[in-house]
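Remarks on the structure that follows.
The values are calculated or read from the model by the stated rules, or taken from the named source; none is laboratory data. Note that the structure is predicted; figures quoted are calculated from it, not measured. Every residue, glycine as well, gets a Cβ built from its backbone with ideal geometry; the counts of neighbours run over all protein chains shown.
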Amino acid sequence: MRVLVTYGSKMGSTVDIAETIAGRLNELGFATEVAPARDYVDPCTFDAVIVGGALYAGRWVKEARRYVKRFGPDLRPKPVWLFSSGPLDDSASEQEIPPTWHVKAAMKEANARGHATFGGRLDSDARGFMASGMARTNAGDWRDTGQIVAWATGIGTTLAAHDAA
Ligand SMILES: Cc1cc2nc3c(=O)[nH]c(=O)nc-3n(C[C@H](O)[C@H](O)[C@H](O)COP(=O)(O)O)c2cc1C
């Protein structure tokens with residue numbers, strides 16, 4: 001079974017989340033490919049797709065939104081999951097954070113089966129007016145590998161059952 005994990009990122013931290021998900025699915029026996037959303041990898045040759053995006057002002061980065069918009073009709077019949085990365089605190093590890101309004105719309109567009117919000121990362125030397133301002137109070141890495149691996153494991157279990165049916 002071929003699985004595509006595609007992601008939108010501005011500052012690089014969502015890439016690692018996508019790689020962790022793909023790594024776990026590979027361990028579980030899936031043939032998994034990771035690609036930036038801006039490459040617009042055609043989902044048609046994959047059996048399942050996971051699309052992730054970093055959150056900025058409550059919205060996914062543009063490339064992730066565009067990916068879902070462009071391939072919505074191809075994604076809808078497939079098993080699809082979405083994830084968001086963002087919160088710069090422990091909140092995503094401590095409780096399930098629902099998708100933002102915009103990401104909920106993307107879920108509808110892709111007919112996604114599920115969504116997870118993972119903690120994000122902001123470097124203390126982040127560049128740009130907004131990012132550097134935020135970094136003064138919110139710099140750190142809140143990506144929770146255990147949470148990400150557990151989520152990927154759940155997807156693997158669902159896909160294996162789907163394949164066996
Ligand atoms: C200007 C700015 C706005 C942000 N807005 C949000 C937000 O609305 N919600 C959220 O959870 N995280 C927000 N974040 C945190 C980022 O989503 C987090 O740093 C994420 O890990 C960045 O992913 P990337 O490195 O892949 O770009 C924001 C960060 C910056 C710098």
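Data table
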quantity: Qualifying residue in the stretch 66-82 (condition: within 16 Å of the ligand (Cβ to nearest atom), of a type in the set (A, V, I, L, M, F, W, C) and in a helix (DSSP H, G or I)); calculated: no
quantity: Residue within the stretch 16-27 that is within 23 Å of A105 (Cβ to Cβ), among the polar types (S, T, N, Q) and more than 9 Å from the ligand (Cβ to nearest atom) present; calculated: no
quantity: Extreme residue, farthest from G120 (Cα to Cα), among residues of the stretch 1-57 that are of a type in the set (A, V, I, L, M, F, W, C) and either at pLDDT below 95 or assigned to a loop (DSSP other than H, G, I, E, B) (or both); calculated: M1
quantity: D163 vs. criteria more than 15 Å from R59 (Cα to Cα), touching a residue at least 60 places away in the same chain (Cβ under 8 Å), among the acidic types (D, E) and within 9 Å of the ligand (Cβ to nearest atom); calculated: no
quantity: Total residues in the stretch 110-157, condition more than 14 Å from the ligand (Cβ to nearest atom) and more than 17 Å from the chain's Cα centre (by Cα); calculated: 1
quantity: Matching residues in the stretch 7-62 - criterion: being more than 13 Å from the chain's Cα centre (by Cα) and surrounded by 20 or more Cβ atoms within 10 Å (Cβ to Cβ); calculated: R24, L25, F30, T32, P43, F46, A48
quantity: Residues within the stretch 96-109 that are away from the ligand (no atom under 13 Å from the Cβ) and either in a loop (DSSP other than H, G, I, E, B) or modelled with pLDDT under 95 (or both), tallied; calculated: 1
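So that you can scan it fast, the table gives a plain yes or no per residue for (1) closer than 16 Å to F30 by Cβ; (2) at pLDDT 95 or above; (3) surrounded by 12 or more Cβ atoms within 10 Å (Cβ to Cβ):
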{"site": "G114", "(1), (2), (3)": "no, yes, yes"}
{"site": "D141", "(1), (2), (3)": "no, yes, yes"}
{"site": "G146", "(1), (2), (3)": "no, yes, no"}
{"site": "A161", "(1), (2), (3)": "yes, no, no"}
